[in-house]
There are 2 protein chains.
Amino acid sequence: MNITYESVAVSSRIRLARNFNDYPFPGMLIRSPHAKEQASEMVRTVHEELNALEEFDFYDVGTLTEARAAYLVERNLISRDLVRHSAISAALIAPDESISVMINEEDHIREQYFMRGYDLKKAYERITGIDDVIAESIPFAFDKEFGYLTACPTNLGTGLRASVMMFLPAVSRRGLMRRLASELNRLGLTVRGASGEGSGAEGDLFQVSNEVTLGFTETEILAAVEEALRIVVQFELRERERMKKEGGISLRDKVTRSYGILTNCCVLGMGEFMELVADVKLGIALGLLDCGRGLSALDDHIIAMRPANIDRLNGRTLTESERDAFRASETVAFLRKKGIFV
Amino acid sequence: MNITYESVAVSSRIRLARNFNDYPFPGMLIRSPHAKEQASEMVRTVHEELNALEEFDFYDVGTLTEARAAYLVERNLISRDLVRHSAISAALIAPDESISVMINEEDHIREQYFMRGYDLKKAYERITGIDDVIAESIPFAFDKEFGYLTACPTNLGTGLRASVMMFLPAVSRRGLMRRLASELNRLGLTVRGASGEGSGAEGDLFQVSNEVTLGFTETEILAAVEEALRIVVQFELRERERMKKEGGISLRDKVTRSYGILTNCCVLGMGEFMELVADVKLGIALGLLDCGRGLSALDDHIIAMRPANIDRLNGRTLTESERDAFRASETVAFLRKKGIFV
């Protein structure tokens with residue numbers, strides 16, 4: 001992992017989908033008269049086993065405030081589907097937010113490992129450790145032919161989804177996303193906007209992940225994803241070079257103006273913030289802006305500036321305009337302090 | 001003159017229009033077979049008389065390069081009409097650019113005194129000194145009933161035009177220019193865009209000047225202009241207060257963003273430059289931006305950033321994009337150095 005790679009592959013996420021043999025799948029369970037008892041049995045067992053391994057923060061989704069749930073969703077630690085299942089669902093989250101185990105989302109168990117940058121092998125080893133512990137507590141639903149059984153057939157087999165958040169300003173601004181997407185599809189991968197299925201691209205961020213979970217081993221899937229990502233990174237880097245060569249002073253102007261607005265504004269909506277930050281990140285990537293402590297601090301800041309994250313930082317629910325003002329002043333301070341400058 | 005006044009009344013200009021008895025008016029002269037001889041006789045006489053008083057830079061318009069002429073026009077030291085009369089015209093300009101005497105523009109003599117801020121009495125005294133010297137050299141065309149005779153009847157009588165360049169962001173942005181204009185018309189004054197007759201307003205700058213030159217003494221005209229200007233200044237200041245009160249954070253946001261772009265851009269066209277600078281000046285006027293050495297340095301910078309001025313600073317004719325790049329880098333440096341900041 002080097003800075004060039006990191007400037008494209010922002011963060012990685014590996015998740016495993018698992019279900020238990022002895023319980024109805026969540027979609028069924030929630031309609032069962034024994035939902036509460038069965039769910040708390042599962043939750044208690046998983047909680048105990050995992051806490052024996054290491055310390056996790058425990059969240060009973062049914063008692064979560066709306067604000068706290070939104071905060072966790074924005075940080076990708078829980079999903080909206082988990083919140084919808086609040087009658088039966090829970091989450092265990094590592095204090096450093098690298099691991100999240102969701103109970104009774106679409107499947108009984110969704111184990112997720114998150115990291116900055118991109119090291120799928122390390123991510124997979126880490127999540128396997130968690131998976132083994134849970135597997136010992138309650139037997140998983142596993143079929144010799146189909147592998148792990150899941151609620152949705154797209155997760156059948158390994159239940160493994162590796163997704164990498166990619167910053168692709170050059171490919172997307174040069175109108176090449178469609179070409180990239182079809183190339184990735186050929187390799188068994190999909191590209192989506194940053195916020196997941198159906199979402200538009202925000203700030204030139206795209207999620208690349210494997211489509212196929214069945215018929216290959218975990219190692220084969222990860223190797224295929226790594227290979228595809230290498231192609232994406234090279235494609236993006238080549239287009240950045242072209243962009244830099246062809247963009248000249250008007251590209252630099254765009255980048256430095258966005259920086260100028262971000263370091264001087266008083267009001268900043270989320271959408272504009274994402275666009276301007278994408279310009280600044282592009283500028284850093286192209287060497288047009290100096291970047292002290294780097295991209296990953298900026299990526300953390302982006303997450304911290306989401307609405308529910310802002311509310312949590314303030315300890316109360318803000319109005320939209322209060323958030324825009326807070327986002328502006330925090331961003332001005334952040335960029336000036338972090339030593340990112342023209 | 002205080003800073004508040006100066007933040008509205010940017011600069012003042014007094015000019016006198018005069019013609020000589022013994023020569024055909026310029027519009028006739030230029031078509032005469034003796035144009036050259038008669039013109040050089042006039043020019044020589046005026047030049048000698050004025051140089052005896054103090055030192056002036058002398059410009060024979062016929063031998064001026066196009067670039068130099070454009071430069072002087074941009075600095076309001078000569079007019080486009082003078083350039084059109086290049087076969088017979090000349091100009092004498094004080095090294096500090098406070099005084100310019102144009103020979104054979106629309107009238108034989110146009111004497112102009114220019115100053116930052118607004119002190120019409122001082123301006124008039126200064127230009128009268130020049131006028132007296134010229135009057136001694138060649139007798140002026142003067143009629144007992146009509147006063148000084150001029151090519152255009154609108155200048156008849158005193159030949160005096162007092163114009164004040166006014167920065168009216170609040171009045172104009174709040175849609176009150178029409179109301180102000182009709183009030184001024186009632187008082188015998190006109191309002192025009194910054195670049196003179198027929199020009200649109202640039203950067204919220206407007207020229208206010210007396211319409212009537214006949215039937216009043218010079219002192220009466222100047223007193224009427226001063227009185228009208230007091231009204232304009234008060235009107236603008238009142239509207240600024242309202243703007244500040246009502247504008248809140250979105251007004252501050254507009255001002256600080258414009259500042260952010262001006263201090264970070266790489267390309268800056270003249271039109272956008274004027275708009276952004278107007279925001280910054282408004283911000284200074286409203287106390288939203290700190291301003292070290294103040295507005296008048298900024299006003300000098302605005303003039304220096306006009307196309308022909310940029311060419312002269314570079315010692316050659318630049319392309320439009322070269323100028324935009326130069327304007328950007330000079331403005332970034334100027335604002336950072338001058339201690340104008342958020």
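What the table shows:
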quantity: Test result for A:Val208, away from chain B (no Cβ under 14 Å), within 16 Å of the chain's Cα centre (by Cα), surrounded by 22 or more Cβ atoms within 10 Å (Cβ to Cβ) and of a type in the set (A, V, I, L, M); calculated: yes
quantity: Test result for B:Asp60, at pLDDT 95 or above, farther than 24 Å from B:Met166 by Cβ and surrounded by fewer than 16 Cβ atoms within 10 Å (Cβ to Cβ); calculated: yes
quantity: Residues within region B:95-107 that are surrounded by fewer than 19 Cβ atoms within 10 Å (Cβ to Cβ) and touching an Asp or Glu at 6+ places or on another chain (Cβ under 7 Å), tallied; calculated: 1
quantity: Residue, nearest to B:Phe167 (Cα to Cα), within region B:245-284, restricted to residues that are acidic (Asp, Glu) and out of contact with any Ser or Thr (no Cβ under 6 Å at 6 or more places or on another chain); calculated: B:Glu275
quantity: Residue in region A:243-267 that is farthest from B:Ser258 (Cα to Cα), counting only those that are within 7 Å of chain B (Cβ to nearest Cβ) and among the basic types (Lys, Arg); calculated: A:Arg252
quantity: Qualifying residue in region A:108-118 (condition: buried (at least 21 other Cβ atoms within 10 Å of the Cβ), touching a residue at least 60 places away in the same chain (Cβ under 8 Å) and either in a helix (DSSP H, G or I) or touching a Cys at 6+ places or on another chain (Cβ under 7 Å) (or both)); calculated: no
quantity: A:Gly188 over 30 Å from A:Glu330 (Cβ atoms), within 14 Å of chain B (Cβ to nearest Cβ) and surrounded by fewer than 21 Cβ atoms within 10 Å (Cβ to Cβ); calculated: no
quantity: Residue ID - farthest from the other protein chains (Cβ to nearest Cβ), chosen from residues in region A:221-242 that are crowded, with 20+ Cβ neighbours inside 10 Å and out of contact with any helix residue (DSSP H, G or I) (no Cβ under 8 Å at 6 or more places or on another chain); calculated: A:Ile221
quantity: Those residues of region B:132-157 which are buried (at least 19 other Cβ atoms within 10 Å of the Cβ), assigned to a helix (DSSP H, G or I) and not β-branched (Val, Ile, Thr), in sequence order; calculated: B:Asn155
quantity: Members of region A:90-107 that are in contact with a strand residue (DSSP E or B) (Cβ under 6 Å, 6 or more places away or on another chain) and closer than 13 Å to A:Gly27 by Cα; calculated: A:Ile103, A:Asp107
quantity: Of residues in region A:268-291 being in a loop (DSSP other than H, G, I, E, B) and surrounded by fewer than 20 Cβ atoms within 10 Å (Cβ to Cβ), the one nearest to the other protein chains (Cβ to nearest Cβ); calculated: A:Gly269
quantity: Test for A:Gly294: is it at pLDDT below 95, out of contact with any helix residue (DSSP H, G or I) (no Cβ under 9 Å at 6 or more places or on another chain), under 19 Å from A:Asp204 (Cα atoms) and away from chain B (no Cβ under 11 Å); calculated: no
quantity: Residue check for A:Leu214: closer than 30 Å to A:Thr158 by Cβ, away from chain B (no Cβ under 14 Å) and in contact with a Gly (Cβ under 9 Å, 6 or more places away or on another chain); calculated: yes
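The values are calculated or read from the model by the stated rules, or taken from the named source; none is laboratory data. Note that the structure is a prediction, hence the values are computed from the model and not measured. Please note: Cβ atoms are built from the backbone with ideal geometry, for glycine as well, and neighbour counts cover all protein chains shown.
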